[in-house]
Amino acid sequence: MTAEGFVRVCALSELEEDMPKRVELEGTPVSVIRTDDDVFAIYDICSHANVSLSEGEVDDCTIECWLHGSRFDLRTGKPSGLPATRPVPVYPVKIEGDDVLVSVTQES
């Protein structure tokens, strides 16, 4: 862990475009997603149902909860449709060389 609380989660080259990768950081489930040359980290559990978001589809900077179809913005964590009404946390990401680092001690 770095001084700012960032932890290496994977290599950038390991992330496939629009394919979520589930990791656990300090007991927190996180979905890491590479899309449109950006990398995002979002809490991996839907705020409506206890379902892993990393099993959903990524489209247009959102991730879909596969169970009920709510979509969450990868930048803000806010849901864009029912049944979810509460946002999920998103976390800061740093890219250093080929390393993807995420901090779960700070929410964006």
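Give me the dipole magnitude in Debye, nearest 20, for the chain about the Cα centre, with unit charges on the beta carbon: positive for Lys and Arg, negative for Asp and Glu.
Roughly 500 debye for the chain.
Say the dipole of the chain comes from +1 at the beta carbon of Lys and Arg and -1 at that of Asp and Glu; which of V93, P20, V104 then lies farthest toward its positive end?
V104
For E24 paired with W66, estimate the spin-label separation in nm (one decimal), with each label point 7 Å from Cα along the Cα-to-Cβ line.
Between E24 and W66, the label points sit 1.9 nm apart.
In segment 21-56, which GluC sites (Glu not before Pro) are in a loop and have at most 12 other Cβ atoms within 10 Å, using DSSP for the loop call?
Answer by residue number: E26.
Using a 1.4 Å probe on the protein heavy atoms, what percent of the accessible area of the chain belongs to carbon and sulfur?
Exposed carbon and sulfur together represent 44 percent of the surface.
Karplus couplings for segment 19-31 from phi (6.51 cos²θ - 1.76 cosθ + 1.60, θ = phi - 60°), rounded to Hz, Gly and Pro as x?
10, x, 10, 8, 9, 10, 10, 6, x, 9, x, 10, 9
Apply the Karplus parameterisation 6.51 cos²θ - 1.76 cosθ + 1.60, with θ equal to phi minus 60°, to every residue of segment 81-98 and state each ³J(HN,Hα) to the nearest whole Hz, in sequence, with x for glycine and proline.
x, 6, x, 5, 10, 9, x, 10, x, 10, 10, x, 10, 10, 10, 10, x, 9
Please list the non-local residues whose amide H lies under 5 Å from the amide H of C10, H modeled 1.01 Å from N, same-chain partners needing a gap of 5 or more.
Distant-sequence amide H within range of C10: V100.
In whole Hz and in residue order, list the ³J(HN,Hα) couplings for segment 60-71 that follow from phi through the Karplus curve 6.51 cos²θ - 1.76 cosθ + 1.60, θ = phi - 60°; x for Gly and Pro.
6, 6, 10, 10, 9, 6, 5, 6, 10, x, 5, 10
For segment 53-108, with every protein chain kept in place, what is the accessible area per residue (1.4 Å probe, Å²)?
Averaged over the residues of segment 53-108, the accessible area is 54 Å².
Rounding to the nearest 20 debye, state how big the charge dipole of segment 40-101 is about its Cα centre with +1 on each Lys and Arg Cβ and -1 on each Asp and Glu Cβ.
The calculation lands at about 400 debye.
Please list, in chain and number order, the residues 5+ apart from T35 or on another chain whose amide H is under 5 Å from its amide H, with Hs placed from the backbone.
For T35, whose amide H was placed from the backbone, the distant partners under 5 Å are D18, F40.
Taking the simple approach of a point 7 Å from Cα along Cα-to-Cβ for both R8 and D36, what is their distance in nm?
Spacing of the two 7 Å Cα→Cβ label points: 3.0 nm.
Hull surface divided by four, with the convex hull built on the Cα atoms of the chain: how many nm²?
Its average projected convex-hull area is 6.0 nm².
The values are calculated or read from the model by the stated rules, or taken from the named source; none is laboratory data. Everything numeric in this text was worked out from a predicted model, so none of it was measured. All Cβ positions, even for glycine, are placed from backbone atoms using ideal geometry, and neighbour counts span all protein chains on display. Heads up: the accessible areas ignore ligands, DNA and RNA and are worked out on the full protein's heavy atoms, side chains in. Shrake-Rupley method; radii C 1.70, N 1.55, O 1.52, S 1.80 Å.
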